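Please read the structure below before turning to the comments.
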Amino acid sequence: MILVTAATGNIGRELTRELDARGAKLRILVRDPARAAGLPGRAERAVGDLGEPATLTPAFEGVDKLFLLTQGIGIDYTASAIAAAEAAGVSHIVHLSSAHVTLDPIPAMGRWHHRREEIIRACGIPATFLRPGGFMTNALDWLPTIREGGYVLDPVGPGRYAPIDPADIAAVAALALTEDGHRGKEYVLTGDETFTVTEQVRIIARTIGRDIEVREAATPAESVRSRFPNGAPRALADAVTEGFALMRADTVGFRTDTAERLLGRRPRTFTDWCARNADAFRRPA
């Protein structure tokens, strides 16, 4: 039995489809069963919340492998999941971490992920750590300004990065959960094309047949708004600002060939991702 947390998110939805296609015995952890609509029908539904440890015991019962993705800036959800995994006798954890943990010094965004990795290592359950860079789906954060004003705020200027499609992260996670040889491994995952924000916006504009202006973010607050249109807690906002400064400084674009090596094919392209998500960008405000 494989338990998938965050099953209704960008990675989780793709992962449940991958595992279902592989015939895996699958259970998904959801807080609201209604949000699981569209997920594989064969998958068991377990209602629980990583923020409420008492709800996790039945969800983890009989689970052999765990895909663990915890959001936010704390470690409590990770600690709760690991306690439940230990009690249930889970034998393998595939954990979604971040490429930020590989930087020296580790920035704030990476330190949260690093602390989560340390919790998992300390429990002694064999683990695989997936460390992706930026997601292609982060471009969806630009929807409010595209729909309302036809522009995107650019916080990184000349900085380049190699975003990865969450579907490719999910494909790697499915490999790690269903095939031998991945325990104890750490995989840094990126796409194989580097972009500036301006270049990404051009691809979106060409895909939907609409002009989109790129405006450089003039203040840290505007930079944060480009990633979190509805605002963010101070600690997260400071970490995002720091992260954008690091991205601005990287005018080459960090990338790896790890996804290609593991999947036996090139990672999906941003152009393909835009084509699959064009309706979201065309939808009016």
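The values are calculated or read from the model by the stated rules, or taken from the named source; none is laboratory data. For clarity, every value in this text was computed on a predicted model and none was experimentally measured. With ideal geometry, Cβ positions are generated from the backbone for all residues, glycine too; neighbour counts draw on all protein chains shown. Only protein heavy atoms, including side chains, enter the accessible area calculation; ligands, DNA and RNA are left aside. Shrake-Rupley method; radii C 1.70, N 1.55, O 1.52, S 1.80 Å.
Numbers below:
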read-out	value
For the range 36-173, share of DSSP beta bridges that run antiparallel, in % to the nearest 5	10 percent
Value at 222 nm in deg cm²/dmol, rounded to 500, when DSSP H runs of n ≥ 4 in the chain each add -39,500 (n - 2.57)	-12500 deg cm²/dmol
Residue-level accessible surface for Trp273, protein heavy atoms, 1.4 Å, Å²	10 Å²
Cα centroid separation, the range 219-257 to the range 192-217 (Å)	17 Å
Inter-probe distance in nm under a simple model that places probes 7 Å from Cα toward Cβ, at Arg248 and Ala221	1.7 nm
Extended-chain gain in nm, criterion 0.36 nm per residue less alpha-carbon gap, Asp180 and Asp272	30.1 nm
Relative contact order for the range 1-135, counting Cα pairs under 8 Å that sit 6 or more residues apart, in percent	20 percent
Protection proxy ranking of 241-251, 169-179 - average other beta-carbon atoms within 10 Å, highest first	169-179, 241-251
Rel. contact order, % - alpha carbon contacts under 8 angstrom, at least six apart, the chain	18 percent
Backbone N under 17 Å from the Thr102 label point (7 Å along Cα→Cβ), restricted to the range 261-284	261-264, 267-268
Per-selection Rg to Rh, the chain - Cα, Kirkwood hydrodynamic radius	0.96
18 Å cut-off, amide nitrogen to a point 7 angstrom out along Ala21 Cα→Cβ, residues in the range 34-75	38-43
DSSP-defined antiparallel bridges as percent of all bridges, the chain, nearest 5	5 percent
Accessible-area value, Asp104, 1.4 Å probe, nucleic acids and ligands omitted, Å²	150 Å²
Net length gained if the chain between Ile73 and Val47 were fully extended (0.36 nm per residue, minus Cα distance)	7.0 nm
Accessible area expressed per residue, the chain, with surrounding protein chains retained (probe 1.4 Å, Å²)	46 Å²
